Structure formats: structure tokens, C-alpha cells
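The values are calculated or read from the model by the stated rules, or taken from the named source; none is laboratory data. Given the structure is predicted, the values throughout are model-derived calculations rather than measurements. Neighbour counts run over all protein chains shown; Cβ positions are idealised from the backbone, glycine included. With ligands, DNA and RNA removed, areas are computed over all heavy atoms of the protein, side chains included. Shrake-Rupley method; radii C 1.70, N 1.55, O 1.52, S 1.80 Å.
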Amino acid sequence: MGTTGQYRVCVIEDDPDVLLFLTTVLEKRAGATVLAIADPRDLPARLDDFDPDLVLTDIELPGVSGLELLARFRAESPDVPVVVMTAHASVDYAVTALRNDADEFLTKPISAAHLVEVVTRIVEASRVRRAAQRPTVVLAIGAHPDDVEIGVGGILSAHRAAGDTVVVLTLSRGSRGGEVSDRQDESLLAAERLGARLFLEDLEDTRISAADPTVGIIERVVAEVRPDIVYTHSINDRHQDHRAVHSAAVVATRSVRTVCCFQSPSATIDFRPTRFVPIDGFTDAKLALLASYGSQVDIRGYLEPGFVIATARYWSRFGGGDYCEPLEVVHDTADISPLSRTAATRLSDSHAGRTDT
């Protein structure tokens, strides 16, 4: 019952008319996906795959009380908000429910407007709490193996040192730049050294599309890992794959609060960074990541350690520290000041070295 919505609500109510009313209101007015349960004995089998944002349960149910269900939810899923309902406006019921950590106590009949207000308020507050407790998730998207390590290898290393979750999505296996098996193994080695999760796709090198399947792949990964920050290619680049990945990523990451673009060796003079992130203390980590790509080191001058360090040293003239990686900011609406207190991942702290154009 219901369509995919912004909230997932499990409603437990044995009165079919009330259950229909609650379900209809939540679906139509709150845009929620509703799992409607008339018999609490069906709950364990049906709830496992639903992953609710909120549970709304009656107190008086056949075979079990809502307060017993509340105690069970609190033991098994302490982060999921629970709202209890009753047709009896009993102070004892309310006190007992609240002492058992119900998030709200509602007395029937419940108006549609009040129901929507309560569910919206509690779910949004819960999401804020969970986001505060959840590690920052960073997604770096590159067209080819070694792209993200060249662009933001220092920043990604700092993210990991700060305890953030790092995910790398590489959309091709770089067949035009070497043996696919070598480049695949090198990508895996770099991800292992970084401590990152790797999604390695197999789009055709030099023929990556700015539309599907590229957009669909990025959307799938974004839906799975739910990143807070995305790093990807700049549109200001001579390589057609880099431009295509940028365009696809901007579409596919429209729900992500912070999206920034890194510099590639093929970037044009139109690459104009507005943020310069210090990577002091992480230059060796970046060089180790780049050394993973042994098949490329001897044929790509921009992978030579002296060149890498000189580039980072140059960008530091616009930012703080001795070494920086530059970023073009697509959009940045997140409060990322708590991101890391270790240095390079403090993107908001690099405002001191930010020059808005």
C-alpha cells in the first residue's frame, strides 16, 4: 500500500477503518510510504525489510499491548521514533507511555492536520539527531583509475584520518591508458591504502556519456552510500570523459548538500578554484596512493612526486598551510565545520584562503 515517499512510517492499528484513515492521510498529505499492520503478529516478518523512519502504534491491540511493542522497539531499534495512540484519554496511559520512551502520545480521534504535523516534526528531528551521530560520508567520482587520487588524494586521506567514510566511484577501467587487469588491480590497491570503498564500473574509456548510463550509475551509488560531500571532475577540462562525468555527476548528485570539483592534469585555464584546502601532513599519503598506479608512473609526468608536491605548493599561495588542493565549488549548503579538526578536511575553515570570483 502506498507509493515511495519522503518518510517511511509503520502503522499498527487493529481497527480497519482507523488504519485506512491513518494510512491515507500519511500517504496523501505527508507523502509517506506506509506499512499498514492490522495484526501485530505479522510485525516481525514484515518490518525487517521496511526500515521505518517512525512507528505509529495503538496501545490496545489483540494479543499484545502497544506498550509491550514500544519496549520491544526500544530494545531492538532505539533510534526509531515511536508514537503511541489510544482512544482513552487516560493520564495513566500517557505517563506509562512517556516513561517507556514514547516520542509522542496521541488521543483518538486524531485530526489529519495534527497527525501530519506530529509525524513530520518527529521524523525530521530524528533525522537531525541521526545525521549528527553518523560519520561524514565522502564520495569521490572519477572517469578513470587514478583521477580522484590525482585531484583530491590529500583531501581524501585527511577525511579518512578524521574518521570519515570515503567511497570512490571510478566509471571506467582506463583501457586506453594500459591493460585493464593492471588498472583494475591498481585501483583496488589504492582503495585499500586509502581505506575506501571502491565502486569500479566498466564504461568505455573515451566514450563516457554525460547522460545514461552514467547518470544512472552515479544515482545508484549516491542512493546506496548517501554522501554528505561529493568530489568530481570540473567542466573546465580538455578530456571529454572528464567533462561528461562532471555533467552527469551534477545531475545525479542534486540531492547532495556539498559538491566540489577537483583539478585534473587536463584541466584548462578556465579551471577557477574558489576553495583551497590545506593538505599539510597528507602529502606522503597522496604520493603513496599515486604510487599504487605502477603502470602509469613511468609514462605520466604529472604522477612524478616532485611535480605533485610542486603543484600542491603552488596552490598554497591562495590558501593556508604549505600545500593545498584546489576546488571549484558547485554548491555548498552543508554546515561542514565539524567535518574534521585534523586539517585538510576542514573545508569550512579554509574560508580564510577562499577567493570568491
Task: residue 328, sole failed condition from (1) out of contact with any Phe, Trp or Tyr (no Cβ under 8 Å at 6 or more places or on another chain); (2) under 30 Å from residue 184 (Cβ atoms); (3) open to solvent by 20 Å² or more (accessible area, probe 1.4 Å); (4) touching a residue at least 24 places away in the same chain (Cβ under 8 Å) - done: (1)
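If you scan segment 35-89, which residues turn out to be of a type in the set (Asp, Glu), part of a strand (DSSP E or B) and modelled with pLDDT under 85? Write out each step before concluding.
If we filter segment 35-89 for residues that are of a type in the set (Asp, Glu), which is where we start, we get 39, 42, 48-49, 51, 53, 58, 60, 68, 76, 79.
If we keep only those that are part of a strand (DSSP E or B) as well, we get 58, 60.
The one that is of a type in the set (Asp, Glu), part of a strand (DSSP E or B) and modelled with pLDDT under 85: 60.
Strands (runs of 3 or more DSSP E) wholly in segment 201-284 with at least 1 residues that are outside the structural domain of residue 142 (by the TED database) - which ones?
Numbers: elements: 229-233, 258-262, 275-278.
Here the list is empty.
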- [ ] Return the total of residues in segment 7-34 being surrounded by fewer than 18 Cβ atoms within 10 Å (Cβ to Cβ) and part of a loop (DSSP other than H, G, I, E, B).
- [x] 3
Open item on the list: Looking at (1) surrounded by fewer than 18 Cβ atoms within 10 Å (Cβ to Cβ); (2) of a type outside the set (A, V, I, L, M, F, W, C); (3) in a loop (DSSP other than H, G, I, E, B), which one does residue 319 not meet, given that it meets all the others?
Closed with: (1)
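Condition first: among the charged types (D, E, K, R), in contact (Cβ under 8 Å) with a residue 24 or more places away in the chain and under 27 Å from residue 130 (Cβ atoms). Now tell me which residues in segment 225-269 satisfy that. So that I can check it myself, show each step before the final result.
So the first thing to find is which residues in segment 225-269 are among the charged types (D, E, K, R), and the list is 226, 228, 237-238, 241, 243, 254, 257.
With in contact (Cβ under 8 Å) with a residue 24 or more places away in the chain added as a condition, the list becomes 226, 228, 237-238, 241, 243, 257.
Of everything in segment 225-269, those that are among the charged types (D, E, K, R), in contact (Cβ under 8 Å) with a residue 24 or more places away in the chain and under 27 Å from residue 130 (Cβ atoms) turn out to be 226, 228, 257.
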Open item on the list: Could you go through segment 195-213 and let me know if any residue there is out of contact with any strand residue (DSSP E or B) (no Cβ under 9 Å at 6 or more places or on another chain), of a type in the set (Gly, Ala, Ser) and on the phi < 0 side of the Ramachandran plot.
Closed with: yes
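Just the residues that are touching a residue at least 40 places away in the same chain (Cβ under 8 Å) and either surrounded by fewer than 20 Cβ atoms within 10 Å (Cβ to Cβ) or in contact with a Phe, Trp or Tyr (Cβ under 7 Å, 6 or more places away or on another chain) (or both), please, taken from segment 169-189. Let's see the steps before the verdict.
Looking only at segment 169-189, we keep the residues that are touching a residue at least 40 places away in the same chain (Cβ under 8 Å), and these are 169, 171-172, 177-179, 182-183, 186-187, 189.
Correct list: 169, 178, 179, 182, 186, 189.
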